[in-house]
1. Among the residues of segment 84-126, count how many are under 17 Å from T137 (Cα atoms), part of a helix (DSSP H, G or I) and of a type outside the set (S, T, Y).
2. Look at segment 105-123 and say how many of its residues are open to solvent by 40 Å² or more (accessible area, probe 1.4 Å) and out of contact with any strand residue (DSSP E or B) (no Cβ under 7 Å at 6 or more places or on another chain).
3. Of these, D164, D138, which one is at pLDDT 95 or above and over 16 Å from the mean Cα position of the chain (by Cα)?
4. Can you tell me which of (1) surrounded by fewer than 18 Cβ atoms within 10 Å (Cβ to Cβ); (2) in contact (Cβ under 8 Å) with a residue 40 or more places away in the chain; (3) in contact with a Pro (Cβ under 6 Å, 6 or more places away or on another chain) is the one R169 doesn't meet?
5. Of everything in segment 125-147, what is open to solvent by 40 Å² or more (accessible area, probe 1.4 Å) and over 13 Å from I17 (Cβ atoms)? Give them in sequence order.
6. Based on this model, can you work out whether Y147 counts as in contact (Cβ under 8 Å) with a residue 40 or more places away in the chain and under 19 Å from C15 (Cα atoms)?
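The values are calculated or read from the model by the stated rules, or taken from the named source; none is laboratory data. Bear in mind that the values here come from a model prediction, so they are computed numbers and not experimental data. Neighbour counts run over all protein chains shown; Cβ positions are idealised from the backbone, glycine included. What goes into the accessible areas is simple: the full protein's heavy atoms, side chains included, and nothing from ligands, DNA or RNA. Shrake-Rupley method; radii C 1.70, N 1.55, O 1.52, S 1.80 Å.
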Amino acid sequence: MTRPPAAGDLAHIDCWIFDLDNTLYPPTVDLFRQIDVRMKAFIARELSLSLDDAFRLQKQYYRAHGTTLRGLMLNHGTDPEAFLDFVHDIDHAVLGPMPDLRQALTALPGRRLIYTNGTSRHAEQVIGRLGIADLFTDIFDIRAGAYLPKPDPAPYDKMVKTLDITPARAA
């Protein structure tokens, strides 16, 4: 059984990088379900497909390209901004303050960043609803990564350079 790191094991960390969706809030909130529904609707409208066919294509592109957006861009020339604006137009009110999360994040020394395949606007709305927006110094989003999704190494490299991160001191 692996033991959790002792406090001293992490003493060299001065930059904490967090994923957003289903990481800073629990998956049980099911916020992504709203995004998923909107992705399917966008694809159906843009490509004149049934909702079932749009869903199949959405999942196919996600598996093949890392994000549905990347697949749409490469295979159909989809405007990424139109897609992102549409799919992130959701009800964030299902999220609320999470004092325990705030306390845990506050205890981390150094900078806290978000790296998301979503947009910074979506991330700002999420962390605002969670009551933790003031704890983060930066958001690196899909736009900043030139629409290349995680886990492609290129946006990670760009994030490290852009946000002046020392990888050996980051978690």
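1. 11
2. 5
3. Details: D138 fails: over 16 Å from the mean Cα position of the chain (by Cα).
Of the residues listed, the single one that is at pLDDT 95 or above and over 16 Å from the mean Cα position of the chain (by Cα) is D164.
4. Of (1) surrounded by fewer than 18 Cβ atoms within 10 Å (Cβ to Cβ); (2) in contact (Cβ under 8 Å) with a residue 40 or more places away in the chain; (3) in contact with a Pro (Cβ under 6 Å, 6 or more places away or on another chain), only one is false for R169: (3).
5. Q125, G128, R129, A133, D134, R143, A146, Y147
6. Working: in contact (Cβ under 8 Å) with a residue 40 or more places away in the chain: yes; under 19 Å from C15 (Cα atoms): no.
Against the criterion (in contact (Cβ under 8 Å) with a residue 40 or more places away in the chain and under 19 Å from C15 (Cα atoms)), Y147 does not qualify.
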